[in-house]
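Okay, so here's the structure we're looking at.
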Amino acid sequence: TVEVETSMLKTSLALVKKLRKQKIRETISMQQVVSIVWSLGRMVSLLEEEEKEEEEEEEYYHSNPFLFLQKEEGTLQQQQQRQPQQAMKYSIKEKKHDLLRVLKQEATLTCRTLLREKLLKHDN
């Protein structure tokens, strides 16, 4: 569910932020760095695929005026019928999107930092 995914994203983001701390980065091995970078890279690519699929779906609806109007009409009806709990689910979905974006940025920065530091140490 969206709530579970959001919770997992929060946990991942917290772990990524911890990796940005100098003390932790100094204690991990090159093998651990490679594993972390691979995992974060895989996670980022999966997130990008998910975003791309959502964008393609939106483009599909916008390219076909009839489907677009049907979808918009359905969305309006849903919004009018939406109960507080449903409105909360919608805001959770938006929050998930924001978390995905932040996690992607943090993971990219963390990977660059880890690799740069470990490769510099490895060269010396």
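The values are calculated or read from the model by the stated rules, or taken from the named source; none is laboratory data. Note that the structure is a prediction, hence the values are computed from the model and not measured. All Cβ positions, glycine included, derive from the backbone under ideal geometry; neighbour counts span all protein chains shown.
Which pairs have Cβ atoms under 9 Å, sit 6 or more apart or on different chains, and link a residue in segment 94-120 that is assigned to a helix (DSSP H, G or I) to one that is modelled with pLDDT of 80 or more and among the acidic types (D, E)? So the pair list comes out empty. Of all residues in segment 97-115, exactly one satisfies the criterion of being exposed (fewer than 14 other Cβ atoms within 10 Å of the Cβ) and among the acidic types (D, E), namely D98.
For beta carbons closer than 8 Å, sequence separation of 6+ or different chains, a first residue in segment 24-36 that is within 20 Å of L103 (Cα to Cα) and a second that is modelled with pLDDT of 75 or more and not in a helix (DSSP H, G or I), the qualifying pairs are I36/I28.
In this structure, K89 qualifies as modelled with pLDDT under 65, out of contact with any His (no Cβ under 9 Å at 6 or more places or on another chain) and in a helix (DSSP H, G or I).
As for segment 43-51, it holds at least one residue that is exposed (fewer than 12 other Cβ atoms within 10 Å of the Cβ), modelled with pLDDT under 80, under 25 Å from V4 (Cα atoms) and not acidic (D, E). Among residues belonging to segment 17-42 that are assigned to a loop (DSSP other than H, G, I, E, B) and surrounded by 11 or more Cβ atoms within 10 Å (Cβ to Cβ), point out the one that is modelled with the lowest pLDDT. Among them, the one singled out is R20.
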